[in-house]
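Have a look at the structure below before the remarks.
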Amino acid sequence: MRDAIKALATGTLLAAAFAAPASAQSGLTFGILVPTTGSEATYGQDMANAMNLAIDELNAAGGVLGQQVTTTVGDDACDPQEAVNAASKLASSGVVGVVGGYCSGATVPTLKIFGDADIPFVIAAANSTQLIPANPGNAFMINSTGNDQVAKAVEFFESQSINSLAIVNQGDAYSQDLAQLTRTRWEADGKTIAAYETVNKGEQDYSAIVTNIRAANPDAVFWTAYYADGGLLIRQLREAGYQGVIAVGDGSNSPELFNIAGPAAEGVIAFSNPIADFLPGAAAFVEAYQAKYGNAPGPYAPLAYDGAKLLAFAIEAAGSAEPDAIIAALKAVDYQDGLAGAISFTDENTLARSNFIVLRGQGGAWTLAE
């Protein structure tokens, strides 16, 4: 018996000596930070789905650095305090990096948390310029900023001979940023801001705003916030008889806008990030997404998918899962395989090109307006 125990012990020690390191056995974990509850949960779940699809493909191809990848989701609920809680949990969970960020207002306070923890953060959707000065250097925006959106919006408005503009925002980091950037650029070009309104999130009755806009009679109305409330404003504007151009920012490019606004969404213009329907290389992605989740990918699915693939690409380029090595690889990255286009970064860690397109509501769906 003594000899048997000794042989067993020796075998155990030999097995331990030749086992793979603990890090290789445990694999890598990517954090996902998105709203999976609240008014923007549809967007958030769609982004999480796309990231998990990317991870499935990475694992099927051998993983990252030869290790399988798992994910853990933090629900920021599109709320700053909830985002802080979610980011803190992700930062203490051993993730090698985080992908996500939809609502800019919820994303801004997470930058310090991930920065203090030295965790690489690929921001897939949030694009307020307020993110730039708050970035400690570890976060990378793969959606074009509000400055790029304003440039696209102004270009479109001018092509339609629009001279007076009403702007409506909700006072949050994303919509207020976009509204103020538009106002500044519009007035600098010598054009008229006929009305500038700030409303509360979740309002149902926009009659006072509608009355003010009709009295100002602008050539166009620009809603800079999210689709859930934007659809109601659009419907109430049209029901009150407003006949001018109505445009929305990328926070309202969801197909759900048509369900909320109904026929009033016909002809609405959206300044949008690139979406799967209009990306020539996205057919296989769309097919795989539909097969896995039973519905079409939403407007931020391609960017979320690209974000997960980009983080994996940077880890492989670094040859290490150490955070500083990944961050350095991201700073120098020239990623050419993104569904939404090539990815490289400016000195401010923002996307080094504009990715905005112009869409038009037609027949209850978005079509290209360019």
Using only alpha carbon pairs under 8 Å that are at least six residues apart, calculate the relative contact order of the stretch 227-352 and give it in whole percent. 17
What number, in percent, do you get for the relative contact order of the chain if the mean sequence gap of Cα pairs under 8 Å and at least 6 apart is divided by its residue count? 17
What helix-only [θ] at 222 nm does the chain give? Using -39500 (n - 2.57) per DSSP H run of at least 4, over all residues, to the nearest 500, the answer is -13500 deg cm²/dmol
Return V98, V84, V64 ranked ascending by Cβ neighbour count within 10 Å, so the fewest neighbours appear first. V84, V64, V98
Average projection area in nm² (convex hull over Cα atoms of the stretch 259-324, one quarter of hull surface): 7.1
Total formal charge among the other residues, if their Cβ is under 12 angstrom from that of K191, Lys/Arg +1 and Asp/Glu -1: -2
Choice from A61, A314, A134 showing the highest fluctuation, given a GNM over the chain with Cα pairs closer than 10 Å: A61
Least to most buried among S39, S92, S144, by other C-beta atoms within 10 Å and fewest first, runs S92, S39, S144
Any idea how many Lys pairs in the chain come in under 19 angstrom at the alpha carbon, given 8 or more places apart or on separate chains? 5
Normalising by the residue count of the stretch 282-370, find the relative contact order in percent from Cα pairs under 8 Å and 6+ residues apart. 16
Could you tell me which label, among [x] 155; [y] 136; [z] 146, carries the value of volume of the Cα convex hull per residue in Å³ calculated for this structure? [z]
Could you point to the residue in T71, A195, L368 farthest towards the positive end of the chain's charge dipole, with +1 and -1 charges on the Cβ of Lys/Arg and Asp/Glu respectively? T71
Which value, in debye to the nearest 20, gives the size of the charge dipole of the stretch 192-326 about its Cα centre, when Lys and Arg are +1 and Asp and Glu are -1 at the Cβ? 300
For every other residue with a beta carbon closer than 14 angstrom to the beta carbon of A61, add +1 if it is Lys or Arg and -1 if Asp or Glu, then tell me the sum. -3
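Any read-out appearing in this document is the output of simple, stated calculations on the displayed coordinates, not a laboratory observation. Bear in mind the structure is a predicted one, so any value in this text is a computation, not a measurement. Heads up, the Cβs are rebuilt from the backbone with ideal geometry, glycines too, and the neighbour counts pull from every protein chain shown.
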